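Visitor: Next up is a structure, given as structure tokens.
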Amino acid sequence: MTDAVIDCQGCSKAFGNKHAITDISLKVQKGEIFAIIGPSGAGKTTLLRVLTTLEPPDKGRVRFLGMNAYSDNGSDQKIRRSLGYVPQKATMLAGTVEDNIALPLKTRGVPSTEVRKRVDEIAERFGILEILRKNASKVSGGEAQRTSFARALVFEPKVLFLVEFIANLDPANAEILESVVRDFTSKGGTAVMVTHKLLQVKRLADRMAIVMEGRLVQVGKIKDVFAKPKNELVRKFVTGEMAW
Amino acid sequence: MAQWSQLIEIVLLSYYIAGVSTLIGSMIGLPIGAFLGTKRFKGKFAIKTLIFTFYGFPPVVMGLIVFLLLSSSGPMGFLDFLYTPWAMIVAETFLATPLIIGITMTSVGSIDHNVKDLVRSLGVSKARALFLYLKEARSGIATAVMIGFGSCISEVGAAMMVGGNIEGHTRVMTTAIVLETRMGNFQTAMFLGAILLATTCIIYLAFVLLEGKRDD
Amino acid sequence: MRNLRDMNRSGALGTKGIVIIIVIIVVLAALAIGTYFIFYKEEGKESILLATTTSVADSGLLDHILPTFEKKYDIEVKVTAVGSGQAIELGKNGNADVLFVHSPTDEKNFVSQGYGTVRKTLLWNTFLIVGPTDNPASLNATDNASAAFTKIVDSKSTFTSRGDASGTNKKELAIWTALNKTQDTLKATSWYLSVGQGMGETLTMTNEKKAYTLTDEATWYKMEGSLPNLKVYVNNDKVLLNYYSVIPVNGSKFANVNEDGAAKFLDWMSSQDTLNMIKDYKVNGHTLFQLYGVRDGAVEPTD
């Protein structure tokens, strides 16, 4: 049987008349870095929200770590506690940078000395140790992004969801975060990233899914997709002729 | 009404009654408002409209309703609340709570949806999530409490009706002003009015200062 | 760097968080203390609720005499001042223990319908017809009440009515009725103003509008100083006699009524010592309340 960490079967979601995603099925395996790419408006965000239990699909089902999502037995909460979410827009909660990073640990009842230690460790790793005491709403875009990342990682999730996670970063910090993702998956974590950066997909991802107009156009290992793009638009993307 | 001790008693009682009413109204209104602000459910539109309607609920009508409830010949007469500060607290709590619910609901409802997604994705308990929403909407909530308090401290019609303006027991600044005006003692009435304004101003000043320091 | 940061840390809260928590604790403590005090005040001592009219309360009479009662019986008298109509309603619903009002017809009905145990008329004074100093209706001191009211109608001079079913209002309407004028026809005119207020507010309004009105003596003498545009015109018509009675509420239907305390209050009010105290109570040199049934040169009232 597959080791599928995420198993999405025939998922569709419409908002009024607009069909955001239609009949998408994909599996994400443990330990891999899975990229979801597509032009803007393709439905990537909706797909991601469906996969992270934030948006119940109209049709289809999602299984996460062997549990059924969107069932009423409280499994959604268990699922959410195993996933780390780094949204595209780094959203800071009220308080300091430290408060933000510490939050997932505090809600898991980690004792405060332990919290402090782990927050310091991860902040140092991401180069934001000096701004821990700063009001989170007042930091720069790049600092917020790294804080958001640290917050998603600090409690050692099983799956990391990343949406355009190096958008606001200079190359040095981008490289640090990418190496963190690699390190994370090498230790058994799974990463799902939504991106439009061709080179990042090549650098990082193991498998990718291409979503266009709400449908899954192609899914497979990176070199397979690059070698045999399913249609003209995909070909233009993988050759770099067209940017998404 | 010339003694200073009477004046102090009236001032303290006014703040006690308004304070307790606001406190109870907040304990009820903040969680309900946060819940209503974030959950999608059937009939939400109807409930929202109902709450907003209560913003304009005439205090004197509320006073009458509470009076009839607490009257000896009324359903809650056994409480023996009428003409005591407890009756005034009941009436003022009923007036303040819809305001607190409504303003909290609106503030929490207008939290950035990215924040809401983030909180949800953390997988915290419902209670903890509500608490986080309240934290995010902190200034809206402070407003809700302040407005709730304002409606209590300035209340006169309902306070008069269910309290009876009894000296030493249920006379507060507003009802005392009515009394002095009725007797033609306009200077005394103005004096009381000035004290009411000044003391309330101090309380709001404290609120604003505490709130303002948030942005370090 | 890390040491510096540790030094700046003040726990999870920060100074501002600590200030807020201290404020909250202080406020909660204050409210708790307040609750204790108020609870003690409300429950601690035996009390009776006296429903009376604004004219009695505002005259200052009760402030003058009640301390004696409270000391003697160790019962606190809580006074609520409402119109006679409302006072009687309070009695009917068991929300007051004893009434001290001046609306004879309603009072008699109150007792005969079983709401009150007994009606004891103790005091009287007289209503006054007051009006503007320039006297557009040309009232004379020799006019009786009907004559004065007739002159007011004929001259269409502004007249303010309390319009609140109080004892004063009922007396005023009785005079109009004797002249075949109903309240509705009066309200339809432009010069008759039904204001729905207590005596003090009505007098203030009458002063502002330089109008005529019917007032009780007590309120008039108390407020005279702040009513420069008004003076007394008619004050000695038998029709204008105003009787004050004490009526303990019949508590048989209600658990909360303190019949015992009310009975004691009536006893004490009827006692000669108390009545003397009331007779001696003067405001600005005027005796506000005469003793019922006493002849000492005053017009002897009959009910």
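No value in this document is a laboratory result; all are computed from the given coordinates. Model, not experiment: these values are computed from the prediction. Positions of Cβ are generated from backbone atoms using ideal geometry, with glycine treated the same way; all protein chains shown enter the neighbour counts.
Visitor: Determine the shape class of the range A:13-68: with a ≥ b ≥ c the square roots of the Cα gyration tensor eigenvalues, call it rounded for a/c under 1.5, and otherwise prolate if a/b is greater than b/c, oblate otherwise.
Guide: The shape class here is oblate.
Visitor: Any idea what diffusion coefficient the range C:41-95 gets from Stokes-Einstein, in µm²/s, Kirkwood Rh on alpha carbon pairs, 37 °C, 0.692 mPa s?
Guide: Rounded to a whole number, D works out at 274 µm²/s.
Visitor: So which chymotrypsin sites (Phe, Trp or Tyr not before Pro) in the range B:24-88 pass both tests, a DSSP loop state and at most 13 other Cβ atoms within 10 Å of the Cβ?
Guide: B:Phe41
Visitor: When C:Phe254, C:Phe100, A:Phe126, C:Phe39 are ordered from fewest to most other Cβ atoms inside 10 Å of their Cβ, what list results?
Guide: Ascending Cβ contact count within 10 Å gives the list C:Phe39, C:Phe254, A:Phe126, C:Phe100.
Visitor: Also, quick follow-up: Quote the convex hull volume per residue of chain C, based on C-alpha atoms, as a whole number of Å³.
Guide: Residue-normalised Cα hull volume stands at 220 Å³.
Visitor: Explain nothing, just compute: Karplus ³J(HN,Hα) = 6.51 cos²θ - 1.76 cosθ + 1.60, θ = phi - 60°, for every residue of the range C:205-220 in order, whole Hz, x for Gly and Pro.
Guide: Residue by residue, the range C:205-220 yields 5, 4, 5, 4, 8, 6, 10, 9, 7, 9, 9, 7, 4, 4, 5, 4 Hz.
Visitor: Also, I was wondering about something else. In units of 2.2 N^0.38 Å, what is the alpha-carbon radius of gyration of the range A:182-225?
Guide: 1.23
Visitor: Rounded, prolate or oblate, given the Cα gyration tensor of the range C:170-251, with a/c below 1.5 counting as rounded?
Guide: Taking the square roots of the gyration eigenvalues as a ≥ b ≥ c, the range C:170-251 is oblate.
Visitor: Which value results for Rg/Rh of the protein assembly as shown when Rg is the Cα radius of gyration and Rh the Kirkwood radius based on the inverse mean 1/r?
Guide: Answer for the protein assembly as shown: 1.20.
Visitor: If you take each beta carbon of peptide B:63-71 and count the beta carbons of other chains within 10 angstrom, what is the mean? Intermediate values should be presented prior to the final figure.
Guide: Numbers: counts 0, 0, 0, 0, 2, 1, 0, 1, 7.
Taking the mean over all residues of the peptide, I get 1.
Visitor: What list do you get for A:Trp244, C:Trp220 if you sort them by fewest beta carbons within 10 Å?
Guide: Least to most surrounded, the residues fall as A:Trp244, C:Trp220.
Visitor: Over the range A:167-244, what lengths in whole Å, largest first, do the semi-axes of the equivalent ellipsoid take, defined as the square roots of 5 times the eigenvalues of the alpha-carbon gyration tensor?
Guide: 24, 15, 11
Visitor: Next question, about the same structure. Show that you can apply the helix-only estimate: for chain A, add -39,500 (n - 2.57) for every DSSP H stretch of four or more residues, divide by all residues, and state [θ] at 222 nm to the nearest 500.
Guide: -10500 deg cm²/dmol
Visitor: What ratio of Cα Rg to 2.2 N^0.38 Å holds for the range B:25-95?
Guide: Taking the Cα Rg and dividing by 2.2 N^0.38 Å, one obtains 1.35.
Visitor: Note the full-extension length gain between A:Arg108 and A:Lys158 as 0.36 nm times their separation in residues minus their Cα-Cα distance, in nm to one decimal.
Guide: Numbers: separation 50, 0.36 × 50 = 18.00 nm, distance 1.49 nm.
Extra length from A:Arg108 to A:Lys158 when fully extended: 16.5 nm.
Visitor: Related question: Run the quick spin-label model on A:Leu199 and A:Glu124: label points 7 Å from Cα toward the beta carbon, then report their separation in nm to one decimal.
Guide: 3.2 nm
Visitor: Out of the range C:113-212, which trypsin sites (Lys or Arg not before Pro) are coil in DSSP terms and have no more than 13 other C-beta atoms within 10 Å? Each step should come with its number before you reach the end.
Guide: Working: sites: C:Arg119, C:Lys120, C:Lys151, C:Lys156, C:Arg162, C:Lys170, C:Lys171, C:Lys181, C:Lys187, C:Lys209, C:Lys210; in loops: C:Arg119, C:Lys156, C:Arg162, C:Lys181, C:Lys210.
Passing sites in the range C:113-212 are C:Lys156.
Visitor: Compute the normalised compactness of the range B:137-184: alpha-carbon radius of gyration over 2.2 N^0.38 Å, N being the residue count.
Guide: Details: Rg = 14.0 Å, N = 48, 2.2 N^0.38 = 9.6 Å.
Cα Rg divided by the expected 2.2 N^0.38 Å: 1.47.
Visitor: Could you tell me which of the pairs A:Lys30/A:Lys197; C:Lys41/C:Lys171; A:Lys30/A:Lys230; C:Lys92/C:Lys210 are separated by over 30 angstrom between their Cα atoms in the structure shown?
Guide: Values: A:Lys30/A:Lys197 23 Å; C:Lys41/C:Lys171 39 Å; A:Lys30/A:Lys230 26 Å; C:Lys92/C:Lys210 38 Å.
The answer is C:Lys41/C:Lys171; C:Lys92/C:Lys210.
Visitor: Moving to a separate point now. For the range A:46-124, divide the Cα radius of gyration by the Kirkwood radius and give the resulting Rg/Rh value with two decimals.
Guide: Numbers: Rg = 15.3 Å, Rh = 14.6 Å.
Ratio of gyration radius to Kirkwood radius for the range A:46-124: 1.05.
Visitor: Same structure, new question: D for the range A:97-236, whole µm²/s, Stokes-Einstein with Kirkwood Rh over alpha-carbon pairs at 25 °C and 0.890 mPa s: what number?
Guide: Translational D for this selection: 148 µm²/s.
Visitor: Under 10 Å, Cα contacts only: if you run a Gaussian network model on chain B, which one of B:Gly148, B:Gly102, B:Gly184 comes out with the highest mean-square fluctuation?
Guide: The residue that fluctuates most here is B:Gly184.
Visitor: Pick out, from C:Gly34, C:Thr133, C:His102, the residue whose Cα sits farthest towards the positive end of the charge dipole of chain C, with +1 on the Cβ of Lys and Arg and -1 on the Cβ of Asp and Glu.
Guide: Positive-most Cα among the choices belongs to C:Gly34.
Visitor: Could I get the Rg over Rh figure for the range A:73-119? Both from C-alpha atoms, Rh via Kirkwood, rounded to two places. Mind showing how you got there, number by number?
Guide: On the way: Rg = 12.3 Å, Rh = 12.2 Å.
Using Cα coordinates only, the ratio equals 1.01.
Visitor: Stick to the Cα atoms of the range C:15-137, pair each with every other, and give me the Kirkwood hydrodynamic radius in Å at one decimal.
Guide: Result for the range C:15-137 stands at 18.2 Å.
Visitor: Using a Förster distance of 30 angstrom, determine the FRET efficiency expected from the C-beta separation of A:Asn17 and A:Ser82, and round it to 0.05.
Guide: Details: r = 35 Å, r/R0 = 1.16.
My answer for the efficiency is 0.30.
Visitor: Can you compute the helix-only [θ] at 222 nm over chain C? Use -39500 (n - 2.57) per DSSP H run of at least 4 residues, normalise by all residues, nearest 500 deg cm²/dmol.
Guide: -14000 deg cm²/dmol
Visitor: Between C:Lys209 and C:Ala29, what length comes free when the chain is fully extended (0.36 nm per residue of separation minus the Cα-Cα distance, one decimal in nm)?
Guide: 59.7 nm
Visitor: May I pose another question? B:Glu9 to B:Cys201: extension gain in nm, 0.36 nm per residue of separation minus the Cα-Cα distance?
Guide: 67.2 nm
Visitor: Could you size up the charge dipole of chain C around its Cα centre, putting +1 on the beta carbon of Lys and Arg and -1 on that of Asp and Glu, and report it in debye to the nearest 20?
Guide: Computed about the Cα centre, the dipole is about 940 debye.
Visitor: Let me ask something additional. Give me the one-decimal Kirkwood hydrodynamic radius in Å for the range B:1-149, with the sum taken over alpha-carbon pairs.
Guide: Radius from the Kirkwood sum: 17.0 Å.
Visitor: Based solely on C-alpha atoms, express the radius of gyration and the Dmax of the range A:1-154 in angstrom.
Guide: For the range A:1-154, the Cα-based Rg and Dmax read 17.6, 52 Å.
Visitor: For the range B:72-216, what does the alpha-carbon gyration tensor say about shape, rounded, prolate or oblate, given a ≥ b ≥ c as the root eigenvalues, a/c under 1.5 as rounded, and a/b over b/c as prolate?
Guide: On the way: a/c = 3.83, a/b = 1.77, b/c = 2.17.
Oblate.
Visitor: On to the next question. Can you list the trypsin sites (Lys or Arg not before Pro) in the range B:1-91 that are in a DSSP coil and have 16 or fewer other beta carbons within 10 angstrom?
Guide: B:Lys39, B:Arg40, B:Lys42
Visitor: Give the residue from B:Ile100, A:Ser12, C:Thr150 lying farthest towards the positive end of the charge dipole for the protein assembly as shown; charges sit on Cβ (+1 for Lys and Arg, -1 for Asp and Glu) and the dipole is referred to the Cα centre.
Guide: Of the listed residues, the answer is A:Ser12.
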